[in-house]
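The values are calculated or read from the model by the stated rules, or taken from the named source; none is laboratory data. The structure presented is a predicted model; accordingly, all values stated were derived computationally and were not measured. Here Cβ is always computed from backbone atoms with ideal geometry, including for glycine, and neighbour counts include all displayed protein chains. In case anyone asks, the SASA skips ligands and DNA or RNA and just uses the protein heavy atoms, side chains included. Shrake-Rupley method; radii C 1.70, N 1.55, O 1.52, S 1.80 Å.
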Amino acid sequence: MASEDINSSDYVDVQYLQFAKRGPLAIVQSAIGVLFWPLLWPLAMLSRVSDILFRSLSEFFAMIPYFPGVIIRYEFYRFALRRCGRNVIFEFGSMFVYADIEIGNNVLIGRYCIVHHCNIGNDVLIGERCTFLSGVRQHYFARTDVPMTQQGGAKKRITVGDDCWIGSHSIVMEDVADGCVLGAGSVLTQAIEAYSIAVGSPARVIRNRKDGAAGQADG
């Protein structure tokens, strides 16, 4: 949605403090996080060798309320995931299916997200109830003489690049290049190029952020 289509009087500018420069609150949160290390580090190490344990712990920690949940989730994932950068916020209800996930710095993962095989870059905003699937071929269905449950499937690792915004309730099944915006409720079944703005189901590119001033997307 272009900025000229929005009634600016209905909006109030905000600054997202979780991405502000490191202040006293962040220092306190880090100190609290260290207190949980004796519990979380052994669990994280065990979860690296057991997918069942990892998924169980991911679901368990997802249900801890915001405080101290965001601290506990971050400290667990920074040890359990293949890579977890600085200043990553895992909101309530968000779960990871696999431990071999990489996440960059300054990332917000909204409430009730589900992440399969996916690498997430730096400075990424992910709205609420987003799902990141392992490609579009998880279940084969071509044969009609065999139940779909018996036909197997194929999985791939998808990538969300740096500086992306994934709108709420989106389903991502293909790569998202750097700088992209995916509108709320979109279903991405084909990879999109850098700085694309895509919306809809299936998602289609409606603009490139570098082609003039980009507006505000719903998310």
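In table form, for the structure just shown:
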read-out: Length released on extending from residue 8 to residue 174, taking residue separation times 0.36 nm less the Cα-Cα span; value: 56.4 nm
read-out: Mean shadow area of segment 82-128, taken as a quarter of the surface of its Cα convex hull (nm²); value: 2.7 nm²
read-out: Probe 1.4 Å, protein heavy atoms only - accessible area per residue of the chain in square angstrom; value: 57 Å²
read-out: Projected area, mean over directions - segment 114-199, Cα convex hull, nm²; value: 5.5 nm²
read-out: The chain: projected area of the alpha-carbon convex hull, averaged over directions, in nm²; value: 13.9 nm²
read-out: Largest-first principal axis extents of the Cα set of segment 109-149 (Å); value: 46, 19, 10
read-out: Gain upon complete extension [residue 18, residue 189; 0.36 nm per residue less C-alpha separation]; value: 58.5 nm
read-out: Accessible surface of segment 20-129 [probe 1.4 Å, protein heavy atoms]: carbon and sulfur percent; value: 65 percent
read-out: Rg over Rh [alpha-carbon atoms, Kirkwood Rh] for segment 5-59; value: 1.28
read-out: Convex hull volume of segment 1-128 per residue (C-alpha atoms, cubic angstrom); value: 120 Å³
read-out: FRET efficiency, 1/(1 + (r/R0)^6) with R0 30 Å, evaluated for residue 141 and residue 105 via beta carbons; value: 0.15
read-out: Cα-based Rg and Dmax for segment 26-85, where Dmax is the largest Cα-Cα distance (Å); value: 11.0, 33
read-out: Fraction of antiparallel bridges per DSSP, segment 135-219 only, in percent to nearest 5; value: 35 percent
read-out: Of all DSSP beta bridges in the chain, antiparallel share, percent nearest 5; value: 10 percent
read-out: Exposure ranking of 193, 75, 102, 91 by accessible area [1.4 Å probe, largest first]; value: 193, 102, 91, 75
